[in-house]
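Only one structure is covered here, and it is reproduced in the block below.
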Amino acid sequence: MRRFSNISKILCGFAAVSLIGTPGTATLEAQSRQGQRPDIVRLPPSNPVNCSIFTRDDHEQVIVTGSRKKGSGRLQRAPAALPPPPPPTPAPLASPAAESVASGYVAPQRRIIVPGPYPYPRPQPRNREKYAGEEVASIKRVADEPVSTFAVDVDTGSYSNVRRFLNDGQMPPEAAVRTEELINYFRYDYPKPASREAPFSVSTDLSTTPWNDASRLLRIGLRGYDVDSSERPRANLVFLVDVSGSMRSQDKLPLVKSTLKSLAGELRSDDRVSIVVYSGTVGLLLAPTSNKDHVKEAVDCLFARGSTAGGGALKLAYSTARQHFLKGGINRIIMATDGDFNVGTSNTDELKKIVAKERESGVNLTMLGYGTGNIRDELMEGIANVGNGNYAYIDSAMEAKKVLGEELSSTLFTIAKDVKIQIEFNPAHVKEYRLIGYENRILAEEDFANDKIDAGDIGAGHQVTALYEIMPAKSTGWLPERRYPANRVVDRQSDFSGEVAQVKLRYKLPGGSKSKLIKRQINAGSLNDARAPSGDMAFAVAVAAFGQKLRGDKYLGNYNFQNIQQLSGNGGDYWRQEFRKLNDLAQSQS
């Protein structure tokens, strides 16, 4: 026996020597000295996709950050909590009947009732959604404030978020409704600009008011010139994707992945795309590439886990965009998140400061919001406005296709920046007025001519609609008559008796620093000849009424959802027909 034992030891020794001497292998100690980890797949340098930032084992998640010390091969680790092991299954107890059979005696069968667990209530998820919720704009007396000034807004996030609430069987919170975003979600029949020397056309029209026989509605419409995909400049795009644990649900990261894959198909071969991801730490998942297959490969790697370090992610995204900046091209960050930042810089005002500083580099920011329960609408809309971009809420794959497919040129290519609208009413014809919506875009009168004041941008093909409800000078009006004559007398100037108001617009061309001015006068005859809204105007007014109704606007009177349905008409494209269905839902849920 001892002889056989010695032979076994000799054979084992030869086997060990053979394994150690096998070419192409290295000990774990040697790999450690080389700064490598055997559990991470290293991709060849030619492949820009770095899926190793999502490599994880049973005990940790490894994330490679964009900043690494020289000479250090270490990876930054974010510990991941392990799920508790399942409790052991207890061995089944032998029944009395089985024991009696084993002993040769058959006992009578008895029904044993085992009590179930106590019906403890399951904890319900806490709603942590945040909205800024500005107060509805109040009535202005022309004698006191004849001039109204605001920045344009092309965001549409409020409409799709309202749609999400109604489709879920809930009325949206009043603070979540921004009426101008509901109106601007739709396209209207504004004429195209005559030439590209002026980036957009300006239209005005007047009608009676469906909810107030005494007042009139003034509509101001802008339409930017269209740009085909082949005409737009090259794009340097950085997708900034939230992969934190809060993005796990089906309406978040899975929808983000669908969105990015859809967008990849819309890009040109000369566009460059990068992907930065963030959770507890930040990493560059995809180095700049024009290869659509690499984009889709990187998207397939996306995995949600960890906390949310949004502030640090923004800095890396801007750094990546600046590093590959295209002079004369489109340089834009597209951020996909629920906005639930909880690590590092997470305060809205602090994030706005970061974005305001970074926008000077010429890199714009588009915000895409996802999910329910913890969405920070106030943060996303706020930093998109500061970042010279736009904010859209993605509640479905169809909305993703609309924003980043059908309207891609509008989303990416800016044709006019810092666009402001100012209207001065003639007191000879207008007694009072109110602006419907745009509560968080109001500017001071002196800001209109100040080129240092930031305002909204317009993309190729974008449309902007603003509605004023105005009270003719001879009407009773909303506000009570003032007691003292000096407070209510207005000097009438016959030279301007033919004008209801003057509309002025200021804008800068992309890359420009000095604004240009457009002026339009509105004829007084249109005020007297105003008729009930019809066609395209009627639909715009119906959407405005819908937004006011959801906000609890006191100036809408008894106008209800059934009235809105009748005013919105019939037919139209898919989105207009969907609006009528949402109005029906609102009526049944209100």
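The values are calculated or read from the model by the stated rules, or taken from the named source; none is laboratory data. Everything numeric here is computed off the predicted structure, so don't read it as measured data. Neighbour counts are summed over all protein chains in view; Cβ atoms, including those assigned to glycine, are modelled from backbone coordinates with ideal geometry. The protein model used for the area step is the full one, side chains on, heavy atoms only, and it has no ligands, DNA or RNA in it. Shrake-Rupley method; radii C 1.70, N 1.55, O 1.52, S 1.80 Å.
Given the Cα-Cα distance of residue 196 and residue 324 and 0.36 nm per residue of separation, how much length would full extension add, in nm? Intermediate values should be presented prior to the final figure.
Values: separation 128, 0.36 × 128 = 46.08 nm, distance 2.87 nm.
Working it through step by step, the gained length comes to 43.2 nm.
Annotation: amide H of residue 338 within the under-5 Å range of 370, sequence separation 5 or more or interchain, hydrogens built in the peptide plane. Length available on full extension from residue 479 to residue 138: 0.36 nm per residue minus the Cα-Cα distance, which gives 121.7 nm.
A full extension of the chain between residue 529 and residue 145 corresponds to an added length of 135.7 nm, given 0.36 nm per residue minus the alpha carbon distance. Whole-Hz Karplus values for region 522-535 come out as 9, 5, 5, x, 5, 5, 6, 8, 4, 10, 4, x, 9, x Hz, taken residue by residue from phi with 6.51 cos²θ - 1.76 cosθ + 1.60 and θ = phi - 60°; glycine and proline positions read x. Close amide H pairs (under 5 Å, H built 1.01 Å from N) link residue 415 with 458, 459, 460, residues at least 5 positions away or on another chain.
For an R0 of 56 angstrom, estimate the FRET efficiency from the Cβ-Cβ distance between residue 347 and residue 570 and round to the nearest 0.05. The value I calculate is 0.70.
Rank 518, 470 by accessible area, highest first, at a 1.4 Å probe radius?
Working: 518 25, 470 0 Å².
My answer, sorted largest first, is 518, 470.
Remark on residue 501: its backbone amide H falls under 5 Å from those of 426, 522, a criterion applied only to residues 5 or more positions apart or on other chains, H modelled at 1.01 Å from N. Pop the C-beta distance of residue 127 and residue 266 into the FRET formula with R0 = 35 Å and round what comes out to the nearest 0.05. Once the sixth-power term is evaluated, E becomes 0.50.
May I ask which of 420/516; 140/516; 402/504; 261/402; 431/554; 431/516 have a Cα-Cα span longer than 22 Å here?
Numbers: 420/516 11 Å; 140/516 28 Å; 402/504 31 Å; 261/402 14 Å; 431/554 19 Å; 431/516 30 Å.
Where the Cα-Cα span goes over 22 Å, the pairs concerned are 140/516; 402/504; 431/516.
If you sort 541, 202 by accessible surface, 1.4 Å probe, largest first, the order is 202, 541.
Solvent-accessible surface (1.4 Å probe) assigned to residue 413 amounts to roughly 40 Å².
Looking at the square roots a ≥ b ≥ c of the eigenvalues of the Cα gyration tensor of region 276-321, which shape do they give, rounded for a/c under 1.5, prolate if a/b is larger than b/c, or oblate? If you can, show how the numbers build up before the last one.
Details: a/c = 3.95, a/b = 1.36, b/c = 2.89.
In terms of gyration-tensor shape, oblate.
What do you reckon, how do 129, 145 stack up by accessible area (1.4 Å probe), largest on top?
Values: 129 30, 145 85 Å².
So the residues, ranked largest to smallest area, are 145, 129.
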